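Have a look at the structure below, then the notes.
The values are calculated or read from the model by the stated rules, or taken from the named source; none is laboratory data. This one's a predicted model, so the numbers in the text were calculated from it and none came from an experiment. Cβ placement follows ideal geometry from the backbone for every residue including glycine, while neighbour counts extend to all protein chains displayed. Ligands, DNA and RNA are excluded from the accessible area calculation, which covers all protein heavy atoms including side chains. Shrake-Rupley method; radii C 1.70, N 1.55, O 1.52, S 1.80 Å.
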Amino acid sequence: SQFFGNQGPEYYLSWTGDAHKISGRHALSFGGGFIRDSYFADHTAGGMCFGTTQTAFGPGTGSSLASFLLGLPLDADRQAGNTGGNLLFHNYSWYFQDTFRISSRLTLNMGLRWDYISPPSETPGFGTFDFNTGKYFWSATNPITGAAANIRSGLVPPDYNGWQPRLGIAYALTPKTAVRSSFGIFDEIFGGDQQVYTGGRANWPFAFNQTLGGLNPTLPTAFLLDPFSGPPVGSSTPSCCGQEENVQTGSSRQPYVEEWSFSLQRQLTPSTMVEGDYMGSHGVRLEGQVLDNQALSPGTNSYTLRQLWPTTPPYIMNGFNEFMSWYDGMSLKLEKHYSRNLSLLLTYTWSKAMDESDSLGNGGDYSEPDYNATRYNINSFKSPAEFDVRNIFNAAYTYDLPGKTGYRWADAALANWELSGIVSYGSGIPFVALLSTDNENIGVVSGRISEFPNLICNPSAGFVPTAKEWFNTSCYQLPTFGTVGNAGRHALFSDPIANWDAALVKRWPFGESRAVEFRAEFFNFLNGSTFDPPADKLGSTTFGTVSTTNRQPGRQIQFSLKVHF
């Protein structure tokens with residue numbers, strides 16, 4: 001089999017204009033910009049499978065490899081038509097900002113920005129099914145039937161609501177103590193649009209899928225080079241595909257994030273500063289995928305009897321901008337600028353990131369399966385984000401070893417040595433227990449999971465994790481067929497990570513500003529290891545078992561010689 005999905009080549013043309021004016025205690029900034037972004041997108045798949053039937057002489061005989069060597073497939077799949085297309089976006093923006101120095105101790109920063117990105121102009125066009133109306137749309141002349149477009153180019157109407165106010169305050173409590181606070185709204189202009197408009201490139205009527213099954217049951221009739229008989233012929237009626245594009249106005253608005261912060265800075269000595277910060281954010285109408293047109297409710301009868309549109313199989317809906325995110329974080333920082341041969345930076349952050357969908361959870365990281373919400377169970381997907389690392393500590397240091405003797409040959413061996421490195425710690429990352437089967441009996445989308453088991457006890461309470469069983473697997477049970485599991489996107493956490501990257505540097509200066517430098521660098525100096533999240537599909541023989549350590553690679557050492565001049 002083969003899969004071909006790409007984005008590119010991409011051409012990016014931008015122009016910006018900015019102006020600044022100082023008037024009394026006001027520092028005014030204003031300007032705008034224009035971006036033209038065009039790229040080629042393609043999304044096609046196809047292939048053949050080989051079985052034992054084609055080379056069998058009786059029960060229990062035959063070989064898939066032999067069938068392949070003879071070029072006799074069992075089934076074949078292809079996508080015909082024009083699966084590729086060119087997309088063109090236009091982005092316009094302008095901003096105004098006033099930095100108002102009210103007094104020597106108080107500064108106020110006020111601003112407003114507006115961004116607009118157009119729905120794409122696409123060639124040759126898009127085809128997609130709309131769940132809300134049950135209609136099939138195409139945005140250019142139908143190449144199969146000749147019918148005119150029945151939806152605008154770009155599928156969705158323009159969104160002109162890109163207003164983004166900003167406010168910041170800085171106040172000097174004392175000559176050595178400062179307080180800062182801010183609030184702003186930030187639009188997500190180019191965040192996921194390319195994924196949205198790439199996933200449905202192979203849709204009818206501009207492209208369509210053809211599948212043949214049960215080939216060569218007796219005498220060979222279909223062969224490896226071309227198992228299809230004749231050119232592809234598209235159906236005159238819409239045929240649904242694996243991924244569709246959202247065309248509903250209410251759920252396709254531009255995503256944005258609200259952010260706010262507060263910080264306190266204090267100078268302790270001429271070379272030492274301490275800082276405490278709080279930052280929060282709320283993502284609104286974030287872009288994501290949902291599994292769509294599944295049954296309206298679980299049940300034990302045929303799921304098609306409970307579908308809103310039973311003649312259309314379940315599919316992946318792209319561009320469903322109805323997800324939320326939440327973040328709160330506090331950090332402490334101690335910074336010592338270089339003095340007495342030492343510079344030091346210590347930081348600690350505690351944070352909590354929550355969301356309903358993120359790219360890590362849907363990207364199969366750490367061998368986890370892809371999972372998505374349906375439009376009916378988004379609330380059960382609110383959970384710690386896949387990148388939610390609660391505790392992070394970093395210590396970066398540089399220390400020049402005192403070894404100068406004043407003697408040229410002795411200094412060549414003893415002077416100008418430096419130790420540096422970064423010591424870091426991060427708590428474990430979240431993972432979630434899932435069901436790999438359609439236990440709710442609502443219809444499936446190939447390769448995607450949307451269902452959870454029942455949770456009957458706390459899988460971490462009083463349990464000592466091991467690589468064989470990272471959590472108490474008996475706390476999860478298979479729900480009764482045709483019912484919803486109660487676990488939801490209930491997060492468990494993997495192994496924390498501790499790491500030390502170290503370097504040893506020696507310099508031999510010559511002349512006024514030249515030097516030869518030798519560096520020995522050790523990544524993961526102690527050669528530590530960190531367990532990845534365990535297998536998390538209930539029913540699998542490996543459920544709860546850790547099998548990889550990809551989060552922290554083994555020790556790596558490199559040497560280099562540099563000449564500075």
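Scan the stretch 200-220 and give yes if some residue there is hydroxyl-bearing (Ser, Thr, Tyr) and closer than 28 Å to Gln79 by Cα, otherwise no.
Within the stretch 200-220 (the criterion being hydroxyl-bearing (Ser, Thr, Tyr) and closer than 28 Å to Gln79 by Cα), the answer is yes, since at least one residue qualifies.
I'd like to know if the stretch 150-163 contains one or more residues that are in a strand (DSSP E or B), open to solvent by 70 Å² or more (accessible area, probe 1.4 Å) and of a type outside the set (A, V, I, L, M, F, W, C).
No, because not a single residue in the stretch 150-163 is in a strand (DSSP E or B), open to solvent by 70 Å² or more (accessible area, probe 1.4 Å) and of a type outside the set (A, V, I, L, M, F, W, C).
Of the numbered conditions (1) crowded, with 19+ Cβ neighbours inside 10 Å; (2) farther than 27 Å from Phe183 by Cα; (3) at pLDDT 90 or above, Glu356 satisfies every one except a single condition; which is it?
Result: Glu356 fails condition (2) only.
Being in a loop (DSSP other than H, G, I, E, B) and either in contact with a strand residue (DSSP E or B) (Cβ under 8 Å, 6 or more places away or on another chain) or farther than 17 Å from Thr218 by Cα (or both), is that true of even one residue in the stretch 86-98?
No, because not a single residue in the stretch 86-98 is in a loop (DSSP other than H, G, I, E, B) and either in contact with a strand residue (DSSP E or B) (Cβ under 8 Å, 6 or more places away or on another chain) or farther than 17 Å from Thr218 by Cα (or both).
Of the residues that sit in the stretch 452-471 and are touching a residue at least 60 places away in the same chain (Cβ under 8 Å) and in contact with a Pro (Cβ under 9 Å, 6 or more places away or on another chain), which one is farthest from Asp438 (Cα to Cα)?
Ala467
Looking only at residues that are in contact with a Leu (Cβ under 8 Å, 6 or more places away or on another chain) and not aliphatic (A, V, I, L, M) in the stretch 41-63, which one is least open to solvent (accessible area, probe 1.4 Å)?
Per the criteria, the residue is Gly51.
Tell me which residues, restricted to the stretch 483-506, are small (Gly, Ala, Ser), under 26 Å from the mean Cα position of the chain (by Cα) and surrounded by fewer than 19 Cβ atoms within 10 Å (Cβ to Cβ).
Within the stretch 483-506, Gly488, Ala491, Ala498 meet the criteria.
If we keep just the residues of the stretch 425-456 that are modelled with pLDDT under 95 and among the polar types (S, T, N, Q), which is surrounded by the fewest Cβ atoms within 10 Å (Cβ to Cβ)?
So, considering only residues that are modelled with pLDDT under 95 and among the polar types (S, T, N, Q), the one surrounded by the fewest Cβ atoms within 10 Å (Cβ to Cβ) is Ser446.
Looking at (1) touching a Phe, Trp or Tyr at 6+ places or on another chain (Cβ under 9 Å); (2) over 30 Å from Ile22 (Cα atoms); (3) small (Gly, Ala, Ser), find the lone condition where Ala178 falls short.
Status for Ala178: all satisfied but (2).
One residue is enough: does the stretch 26-34 have a residue meeting the conditions at pLDDT below 85 and either of a type outside the set (A, V, I, L, M) or within 18 Å of Ser121 (Cα to Cα) (or both)?
no
For the stretch 87-123, which positions are aromatic (Phe, Trp, Tyr) and open to solvent by less than 20 Å² (accessible area, probe 1.4 Å)?
Phe89
Any idea which of Gln265, Gln294, Gln289 is touching a Pro at 6+ places or on another chain (Cβ under 7 Å) and touching a residue at least 60 places away in the same chain (Cβ under 8 Å)?
Step by step, each of Gln265, Gln294, Gln289 is checked, and only Gln294 is touching a Pro at 6+ places or on another chain (Cβ under 7 Å) and touching a residue at least 60 places away in the same chain (Cβ under 8 Å).
I need the full set of residues from the stretch 99-149 which are under 17 Å from Asn82 (Cβ atoms), free of Cβ contacts under 8 Å to residues at least 40 places away in the same chain, part of a loop (DSSP other than H, G, I, E, B) and β-branched (Val, Ile, Thr), in order please.
Passing the criteria: only Thr141.
Here are Ile169, Ile185: which of them is open to solvent by less than 70 Å² (accessible area, probe 1.4 Å) and among the β-branched types (Val, Ile, Thr)?
Only one candidate qualifies: Ile185.
Taking the condition of being in a loop (DSSP other than H, G, I, E, B) and either open to solvent by less than 30 Å² (accessible area, probe 1.4 Å) or at pLDDT 95 or above (or both), how many residues in the stretch 507-521 meet it?
Residues meeting the conditions: 0.
For the stretch 184-218, how many residues are acidic (Asp, Glu) and modelled with pLDDT of 75 or more?
So the answer is 2.
Just give me the residues in the stretch 522-552 being surrounded by 13 or more Cβ atoms within 10 Å (Cβ to Cβ), assigned to a loop (DSSP other than H, G, I, E, B) and in contact with a strand residue (DSSP E or B) (Cβ under 8 Å, 6 or more places away or on another chain), in sequence order.
Asn524, Phe525, Gly528, Thr530, Pro533, Pro534, Asp536, Gly539, Phe543, Arg551, Gln552
Scan the stretch 64-85 for residues that are in contact with a strand residue (DSSP E or B) (Cβ under 9 Å, 6 or more places away or on another chain), surrounded by 18 or more Cβ atoms within 10 Å (Cβ to Cβ) and in a loop (DSSP other than H, G, I, E, B) and report the count.
Final tally of qualifying residues: 3.
Against the definition (of a type in the set (Ser, Thr, Tyr), over 30 Å from Asp115 (Cβ atoms) and surrounded by 14 or more Cβ atoms within 10 Å (Cβ to Cβ)), how does Thr272 come out, yes or no?
yes
Is it the case that some residue within the stretch 468-482 is open to solvent by 60 Å² or more (accessible area, probe 1.4 Å) and outside any loop (DSSP other than H, G, I, E, B)?
Scanning the stretch 468-482, I find at least one residue that is open to solvent by 60 Å² or more (accessible area, probe 1.4 Å) and outside any loop (DSSP other than H, G, I, E, B), so the answer is yes.
For residues that are assigned to a strand (DSSP E or B) and open to solvent by 30 Å² or more (accessible area, probe 1.4 Å), tally how many sit in the stretch 19-34.
10
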